[in-house]
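Here's the structure we're looking at; comments come further down.
The values are calculated or read from the model by the stated rules, or taken from the named source; none is laboratory data. The structure presented is a predicted model; accordingly, all values stated were derived computationally and were not measured. Positions of Cβ are backbone-derived with ideal geometry, glycine not excepted, and every protein chain shown enters the neighbour counts.
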Amino acid sequence: MAQHIIELKNITKSFGTVYALGGVNLHVDPGEVVGLLGDNGAGKSTLIKILAGVIKPTSGEIVVNGERVSNWSPARSRAAGIETVFQDRALAVQQSIVRNIFMGRELAGRFGWLNLRKQVSEAERLMREIGFTSKVFSPNSIVGQLSGGERQGVAIARAILKQANLIVLDEPTTALSLTETAKVFHFVRQVRASGRSIVFIGHNIHHVYDIAERFVVIDRGRVAMEKKKSDIASAQELIEYMECVARSQGVTAGEME
Amino acid sequence: MTEVSRTTATMALHPAERPLRKFLFSNRAALGSLAVFAVMLLVFFVANPRVFSNWGLYAAVLTTLPVALFMVAPLVFVVTSGEIDLSFPAMMGFASLAFAYVVQAGFDPFLGIAAALVVGSLLGFGVGALVVYGGLSSLVATLGMNFMLRGLILIVTNSKSIAVPQLRDSLAFKITSTQIWGIPLQIVWAIAFVVFCALLYNRHRFGAQVHVVGDNPDSANEMGINVNLVRVKVFAFMGVGAALAGVFSTMINFTWWPTSGDGYLLPVIASVFVGGTPPWGGIGTVVGAAVGALTVSFIQTGVLGVGLSGFYVQFFYGLIIILSLLGHRWNQARYR
């Protein structure tokens, strides 16, 4: 068996007395697309933020490339080749596109002086590659002037700046037009074709069913189901299952099976 | 075919990319404050051409302005990071007290400058750590620190000034505070410092991170920037600026005063905002703030120069500040 890129073991997270996650296991293998599903408030985003190092879990282990890590943080997560496109896109809207793309990863020479020319040319290349941002904008344009889809493009451009092993997309198609959504799917397939992994979080089950190879359904802080695409007949079956989870309050994974 | 060629034509000629437009657009806050200064100077000049064609008047401003500039430029970093510092006057007093002690004890003034820089950066670091790791409002916490540090100064020195006449013959004085071809050397050092700060602000990793942290600290954190450390560094840098200001102010008349720095609180803060740095964080301009400092320090001289009584000074301070804010409000949009 190939080594997991990352594995979260028995992760719990409580905010005060509220349990957001109660013992979740999740792993991602090289070159697979994992679809993460669940209702609002199920704990998907919390889980993703733990993966990205933004939130510290209350308990549980994080294993990266077979080694248990401590003091997991956003900087370590990115250094380990995990890039996250957050639901809120994590942009600084008063700054230029270049500064956003290189946020936390500035191209600097000795003593920290920026290599502005190289940053601009890299940003231009990425913007072309994504094919997202309309041509009236240059890398020096302010992100606050961009539309929602273009902002998403900036966030995705940042994720592919370095050759990441795993790209996490938290509801990347929310509030996007049809063509923009198609571009996101095209992007996911490209990443998949280059042998890298994706965790795709979405509410639109048809979208997730089309794109993912393995599904993990989270319900009220627990993994309610985990299945390969080959074990599910159609998107309809997945939808029926999700409805079943939503109806049956307090159901556990064991009872379902 | 026509579609394609039209797109390329738009691309090549897009107005935002023309060099002059681009320069005007990306520096509009700084240019706005320069315009304010130019108009103000013109008004003064028309009102009294004889006084305002006298170089001595400008030389006087250029001797005292540098002290403010050493604090105005770092304060732009603080405001851009989304914080404010009101403790720099006391940090200036404290750091220059260290300078005066070292010089008075008979050591070389350069050693005194080093001592001031160490004290200033440590104080800034301490204030920053208190605000950031204590999770306090920087407005209130630095106000408290300003009182407390000033109180310590008064307790330690018994509120007595320290004369350091030995500075007059020192090399440190010669290269920092004498005149060359009628130009006070202080302003040369201050301009060098402002240029350094502007580069640090726009072309250094530190400046880039200060912008992002002030713009959206959550995003900065999610992208792996140590938000708290950046904030603490900003306050430490403010301490360094205050220390330099303290040294230069002590050099002016070879005396350290227990009130050293007090008079700079409001003019320095006003300079930053008159210069076009908005109070909400994320953006700003170092060069604009330097021009703002020039404007603010010229108001008093100007008002007296045109022959008005000193009672008018405060009114004009207020007038210039309000007019500048209105101008910047119209000049720059806020993106959310």
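To keep it simple, each residue is scored yes or no on (1) without any contact (Cβ under 8 Å) to a residue 12 or more places away in the chain; (2) closer than 24 Å to B:Asn221 by Cα; (3) surrounded by fewer than 22 Cβ atoms within 10 Å (Cβ to Cβ); (4) of a type in the set (Phe, Trp, Tyr).
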| residue | (1), (2), (3), (4) |
| --- | --- |
| A:Gln3 | no, no, yes, no |
| A:Asn10 | no, no, yes, no |
| A:Gly16 | yes, yes, yes, no |
| A:Tyr19 | no, yes, yes, yes |
| A:Gly53 | no, yes, no, no |
| A:Ser59 | no, yes, yes, no |
| A:Gly66 | no, no, yes, no |
| A:Ala75 | no, yes, yes, no |
- Matching residues, region A:165-180, being closer than 19 Å to A:Met127 by Cβ and at pLDDT 90 or above: A:Ile167, A:Leu169
- For region A:186-248, please list each of the strands (runs of 3 or more DSSP E) lying entirely inside it that holds at least 2 residues being closer than 26 Å to A:Ile156 by Cβ and touching a helix residue (DSSP H, G or I) at 6+ places or on another chain (Cβ under 8 Å). A:197-201, A:214-219
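A quick yes/no check of all residues on (1) modelled with pLDDT under 85; (2) farther than 20 Å from A:Gln87 by Cα; (3) not assigned by TED's automatic domain parsing to the domain that holds A:Val28:
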residue: A:Ala182; (1), (2), (3): no, no, no
residue: A:Gly195; (1), (2), (3): no, yes, no
residue: A:Val199; (1), (2), (3): no, no, no
residue: A:Ile211; (1), (2), (3): no, no, no
residue: A:Gly221; (1), (2), (3): no, no, no
residue: A:Ala224; (1), (2), (3): no, yes, no
residue: A:Val245; (1), (2), (3): yes, yes, no
residue: A:Met256; (1), (2), (3): yes, yes, no
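Of these, B:Leu123, B:Leu136, which one is touching a Gly at 6+ places or on another chain (Cβ under 6 Å) and under 18 Å from B:Leu229 (Cα atoms)? So that I can check it myself, show each step before the final result.
Working: B:Leu136 fails: touching a Gly at 6+ places or on another chain (Cβ under 6 Å).
Sole residue among the options that is touching a Gly at 6+ places or on another chain (Cβ under 6 Å) and under 18 Å from B:Leu229 (Cα atoms): B:Leu123.
Confirm whether B:Ser53 is over 15 Å from the mean Cα position of the chain (by Cα), among the hydroxyl-bearing types (Ser, Thr, Tyr) and under 16 Å from B:Gly261 (Cβ atoms). Break it down stepwise before answering.
Numbers: over 15 Å from the mean Cα position of the chain (by Cα): yes; among the hydroxyl-bearing types (Ser, Thr, Tyr): yes; under 16 Å from B:Gly261 (Cβ atoms): no.
When the stated conditions are applied, B:Ser53 does not pass them.
To keep it simple, each residue is scored yes or no on (1) within 23 Å of B:Val103 (Cα to Cα); (2) touching a Ser or Thr at 6+ places or on another chain (Cβ under 9 Å); (3) at pLDDT 95 or above.
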residue	(1), (2), (3)
B:Ala172	yes, no, no
B:Ile175	yes, no, no
B:Ile180	no, no, no
B:Phe193	no, no, yes
B:Phe196	no, no, yes
B:Leu200	no, no, yes
B:Phe206	no, no, yes
B:Gly224	no, yes, no
B:Gly239	yes, yes, yes
- Restricted to region A:139-150, and to residues that are at pLDDT below 90 and either assigned by TED's automatic domain parsing to the domain that holds A:Ile48 or in contact with a helix residue (DSSP H, G or I) (Cβ under 6 Å, 6 or more places away or on another chain) (or both), which residue is surrounded by the most Cβ atoms within 10 Å (Cβ to Cβ)? A:Pro139
- Note on the structure: Scanning region B:203-226 for residues that are among the hydrophobic types (A, V, I, L, M, F, W, C) and surrounded by 21 or more Cβ atoms within 10 Å (Cβ to Cβ), the one farthest from the other protein chains (Cβ to nearest Cβ) turns out to be B:Val210
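Table: residues versus (1) buried (at least 24 other Cβ atoms within 10 Å of the Cβ); (2) touching a Phe, Trp or Tyr at 6+ places or on another chain (Cβ under 7 Å); (3) under 30 Å from B:Ile162 (Cβ atoms); (4) within 14 Å of another protein chain (Cβ to nearest Cβ).
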site: B:Val247; (1), (2), (3), (4): yes, yes, yes, no
site: B:Asn253; (1), (2), (3), (4): no, no, yes, no
site: B:Thr259; (1), (2), (3), (4): no, no, yes, no
site: B:Pro278; (1), (2), (3), (4): no, no, no, yes
site: B:Leu304; (1), (2), (3), (4): no, no, no, no
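How many residues does region B:296-336 contain that are in a helix (DSSP H, G or I), hydroxyl-bearing (Ser, Thr, Tyr) and over 14 Å from B:Val43 (Cβ atoms)?
Filtering region B:296-336 down to residues in a helix (DSSP H, G or I) leaves B:296-305, B:312-331.
Still in the list and also hydroxyl-bearing (Ser, Thr, Tyr): B:297, B:301, B:312, B:317, B:324.
Subset that is over 14 Å from B:Val43 (Cβ atoms): B:297, B:317, B:324.
The qualifying residues number 3.
Might you check whether a residue that is in contact with a strand residue (DSSP E or B) (Cβ under 7 Å, 6 or more places away or on another chain) and not β-branched (Val, Ile, Thr) occurs anywhere in region A:98-106? Before you say what the answer is, go through the steps one by one.
To start, the set of residues in region A:98-106 that are in contact with a strand residue (DSSP E or B) (Cβ under 7 Å, 6 or more places away or on another chain) comprises A:106.
Among the residues that remain, those that are also not β-branched (Val, Ile, Thr) are: A:106.
Among the residues of region A:98-106, at least one is in contact with a strand residue (DSSP E or B) (Cβ under 7 Å, 6 or more places away or on another chain) and not β-branched (Val, Ile, Thr), which makes the answer yes.
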- When restricted to B:Val140, B:Val132, B:Val102, B:Val119, the only residue under 15 Å from B:Val240 (Cβ atoms) and of a type in the set (Val, Ile, Thr) is B:Val119
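Please report, ordered by residue number, the helices (runs of 4 or more DSSP H) entirely within region B:1-74 with at least 3 residues that are at pLDDT 85 or above and surrounded by 15 or more Cβ atoms within 10 Å (Cβ to Cβ). Don't jump to the end; show me each part of the working.
On the way: elements: B:2-13, B:19-26, B:28-47, B:49-52.
Output list reads B:28-47.
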- Message: Can you pull out every residue in region B:153-179 that is on the phi > 0 side of the Ramachandran plot and either loosely packed, with under 11 Cβ neighbours inside 10 Å or among the acidic types (Asp, Glu) (or both)?
- Response: B:Asn158
- Any chance region A:188-203 includes a residue that's surrounded by fewer than 22 Cβ atoms within 10 Å (Cβ to Cβ), among the basic types (Lys, Arg) and farther than 30 Å from A:Tyr241 by Cβ? no
